[in-house]
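Chemist: Dropping the structure in here first, questions after.
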Amino acid sequence: MELQPEEVVKRLAKIGWKFIELADKHCRDLDKLNQPEKKFEALRDLCENLHVSIVQMHGLMFNVCVEQERLLEMDLAKRAMR
C-alpha cells in the first residue's frame, strides 16, 4: 500500500467521499505498530471528525482449516472493529 490508512481517509474525505473501504493490509500495518489498539481508536476518531465511515475492509486472508491461524486472524479483526 502506498498510503497509510489515516492518509487514505484524509484524502478521500477531502474530495467528498463519505463511505470508504480499506484493504486488509491497512489493518495488518496498524496492528504491527506500538499500541495498535490506540492506532485503531485514532483512526476511528479521525473518521468521526471527518464524517467518513469505513463501511468495509477487504477480508483478512487466512486458512480457515488451521485453527490457530483462524483464531489469530479473527482476534485481529475484532480488535480493529472495536
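Nothing in this text is a laboratory measurement; each read-out follows from the coordinates by a stated rule. Please read these numbers as outputs of a predicted model, since none were measured by experiment. Neighbour counts are summed over all protein chains in view; Cβ atoms, including those assigned to glycine, are modelled from backbone coordinates with ideal geometry.
Chemist: Positive end of the charge dipole of the chain (Lys, Arg +1 and Asp, Glu -1 on Cβ, about the Cα centre): tell me which of L72, P36, L46 has its Cα farthest that way.
Modeler: Toward the positive end, the furthest listed residue is L46.
Chemist: Among residues other than K25 whose Cβ falls under 11 Å from its Cβ, what is the net charge (Lys/Arg +1, Asp/Glu -1)? Numbers along the way, then the final one.
Modeler: On the way: positive: R28, K32; negative: E2, D24, D29, D31.
Surrounding charge for K25 is -2.
Chemist: What aspartates and glutamates could a cross-link reach from K78, if we take a straight Cα to Cα line under 20 Å and drop same-chain neighbours fewer than 8 places away?
Modeler: Partners found: E6, E21, D24, D29, D31, E37, E41, D45, E48, E67, E69.
Chemist: Considering every pair of different Cα atoms, what Kirkwood radius, in Å, is found for region 5-81? Could the numbers behind the result be given before it?
Modeler: Working: mean 1/r = 0.0760 Å⁻¹.
About 13.1 Å for region 5-81.
Chemist: Under 22 Å from the Cα of K18, which lysines turn up, not counting those fewer than eight places away in the same chain?
Modeler: Cross-link targets: K10, K39.
Chemist: Which of C47, C65, C27 has the fewest other C-beta atoms within 10 Å, and how do the rest follow up to the most?
Modeler: Placing the least packed residue first, the sequence is C65, C47, C27.
Chemist: Given charges of +1 on the Cβ of Lys and Arg and -1 on the Cβ of Asp and Glu, with all other atoms neutral, how large is the dipole of region 5-81 about its Cα centre, in debye to the nearest 20?
Modeler: Details: 13 positive and 14 negative charges, 61 e Å.
Once rounded to the nearest 20, the dipole reads 300 debye.
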